[in-house]
1. Exposure proxy check: Val63, Val113 ranked by fewest other beta carbons within 10 Å?
2. Count the DSSP beta bridges whose two residues both fall in the chain, then state the antiparallel fraction as a percent rounded to the nearest 5.
3. Under a 10 Å cutoff between Cα atoms, tell me which one of Arg115, Arg70, Arg78 has the largest fluctuation in the Gaussian network model of the chain.
4. To the nearest 10 degrees, how steeply does helix 151-162 sit against the main Cα axis of the chain, on a 0 to 90 scale?
5. In whole Å, what is the distance between the alpha-carbon centres of segment 113-141 and segment 51-65?
6. Which is the longest part of the chain that has none of the GluC sites (Glu not before Pro) sitting in a DSSP loop with at most 16 other Cβ atoms within 10 Å?
7. Report, in degrees rounded to the nearest 10, the 0 to 90 angle that the Cα long axis of helix 15-28 makes with the longest principal axis of the chain.
8. Where a ≥ b ≥ c are the square roots of the eigenvalues of the C-alpha gyration tensor, would you call segment 1-66 rounded, which needs a/c under 1.5, or, failing that, prolate if a/b is larger than b/c, or oblate?
Amino acid sequence: MTKIFGFAGWSGSGKTTLVKAVIPALIERGLTVSTIKHTHHNFDIDKPGKDSYEHRMAGAHEVVITGASRWALLHENRGEEEPDIDFLLGRMADVDLVLIEGFKSYPHPKLEVYRPEVGKPILSTDDPSIIAIATNTEIDTNIPKLPIDDIDAISDFVMSYCGFISERRNGTA
């Protein structure tokens, strides 16, 4: 059964940088990993002039783009509510772990990425689903605090919290 673990924090806190570093560290420990990235901005992974873009602009509800290296499903919400995590997870292939970046308000277990220089408050004081914090500063907290640049410590924490046994492929554990 796929497990989920999230990374939450304000824009500019370094969530993406941290997730990009944790993914290969978890894979090195023997896990298959997928991700869900939430954004509050409109985005487009397709370009005007491309056939798939033209299909969407013509009104297609979903468009699948496929090739030898990858495939993608583009779904137009067209006024529908944004799907929740459970719906999105149901559309994904089974893996050991899905890392979720964003979705601050969803009650899944997550690590807060906090940098005081962003100028925003700590989220974990009001969110019981935040079970640890990664930061580059001293803060007073009752949850585990991890150095934001210690990818091994953060990866080990995620593995332990999710109930995985580390099997680092380079022979160390």
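1. Val63, Val113
2. Counting only bridges with both partners in the chain, antiparallel ones make up about 20 percent.
3. Arg70
4. 80
5. What the calculation gives is 41 Å, centre to centre.
6. 1-75
7. That helix lies at roughly 80 degrees to the long axis.
8. Prolate, since a/c reaches 1.5 and a/b exceeds b/c.
All of the numbers you see were taken from the coordinates with simple rules; none came from a lab. This structure is a prediction, so every number in the text was calculated from the model and none was measured. Quick reminder, even Gly has a Cβ in these numbers, built from the backbone with ideal geometry, and neighbours come from all protein chains shown.
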